[in-house]
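Enquirer: The structure's right below; bear with me while I get my questions together.
The values are calculated or read from the model by the stated rules, or taken from the named source; none is laboratory data. Everything quoted here is computed from the prediction, not taken from an experiment. Glycine also receives a Cβ, built like all others from the backbone with ideal geometry; neighbour counts cover every protein chain displayed.
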Amino acid sequence: MPRAARDVTELGAIAAGNRAKAVLWILLQTGVSLVSCALVVFSTLSAAGCGDGCDYGTLSFAVHSAFTVCGGAFVASIASLILLRRRPLWWLPAIATGVVILWTVVAVVLVHIATHP
C-alpha cells in the first residue's frame with residue numbers, strides 16, 4: 001500500500017476513534033446533566049420551610065441558569081459533533097461536562113444561600 005493511502009486510512013481510523021470518544025462523552029454529559037438538574041430541583045424543596053425568609057429571585061436564577069447551562073452544553077456538544085464531522089473533537093463534550101458539574105455546584109450553593117437566610 002502506498003504511503004499516501006496508508007496515511008489517509010490512518011487518519012480515517014483516528015477520526016473514527018475521536019468520533020467514538022465524542023459520542024461517549026456526550027452520553028456521559030447527558031447523564032450528568034440529568035442528575036445535575038434533578039439535584040438542583042430537589043435542593044429547592046427546602047424553600048417550602050423558609051416562607052417569606054427565602055430570596056426567591058436568587059432561587060429562581062439558580063434553577064433557571066442550571067437548566068440553561070445543561071441544555072446549552074448539550075446543544076454545543078451535539079453541534080460540535082455535527083459541524084466537525086471529519087475531525088470531531090472529543091474534548092469539547094468533556095469540557096462541557098466539566099462546565100455542567102461546576103455550574104451545578106454553583107447552583108446548589110446559590111439555592112442554599114437563598115433558602116437559609
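Enquirer: Please verify whether the stretch 34-43 includes one or more residues that are out of contact with any Pro (no Cβ under 7 Å at 6 or more places or on another chain), of a type in the set (S, T, N, Q), surrounded by fewer than 19 Cβ atoms within 10 Å (Cβ to Cβ) and part of a helix (DSSP H, G or I).
Expert: Taking every residue of the stretch 34-43 in turn, none turns out to be out of contact with any Pro (no Cβ under 7 Å at 6 or more places or on another chain), of a type in the set (S, T, N, Q), surrounded by fewer than 19 Cβ atoms within 10 Å (Cβ to Cβ) and part of a helix (DSSP H, G or I).
Enquirer: In addition: Which condition breaks for Arg6 when tested against (1) of a type outside the set (A, V, I, L, M); (2) surrounded by 12 or more Cβ atoms within 10 Å (Cβ to Cβ); (3) modelled with pLDDT under 95?
Expert: Arg6 satisfies every listed condition except (2).
Enquirer: So which of Thr68, Thr104, Thr58, Thr30 ends up being part of a helix (DSSP H, G or I), buried (at least 19 other Cβ atoms within 10 Å of the Cβ) and of a type in the set (Ser, Thr, Tyr)?
Expert: Thr104
Enquirer: For the stretch 61-117, what are the residues that are within 16 Å of Leu27 (Cβ to Cβ) and touching a Cys at 6+ places or on another chain (Cβ under 8 Å)?
Expert: Matches in the stretch 61-117: Cys70, Val100.
Enquirer: With Ala20, Ala47 as the choices, which residue is surrounded by 15 or more Cβ atoms within 10 Å (Cβ to Cβ) and farther than 20 Å from Val99 by Cα?
Expert: That would be Ala47, the only listed residue that is surrounded by 15 or more Cβ atoms within 10 Å (Cβ to Cβ) and farther than 20 Å from Val99 by Cα.
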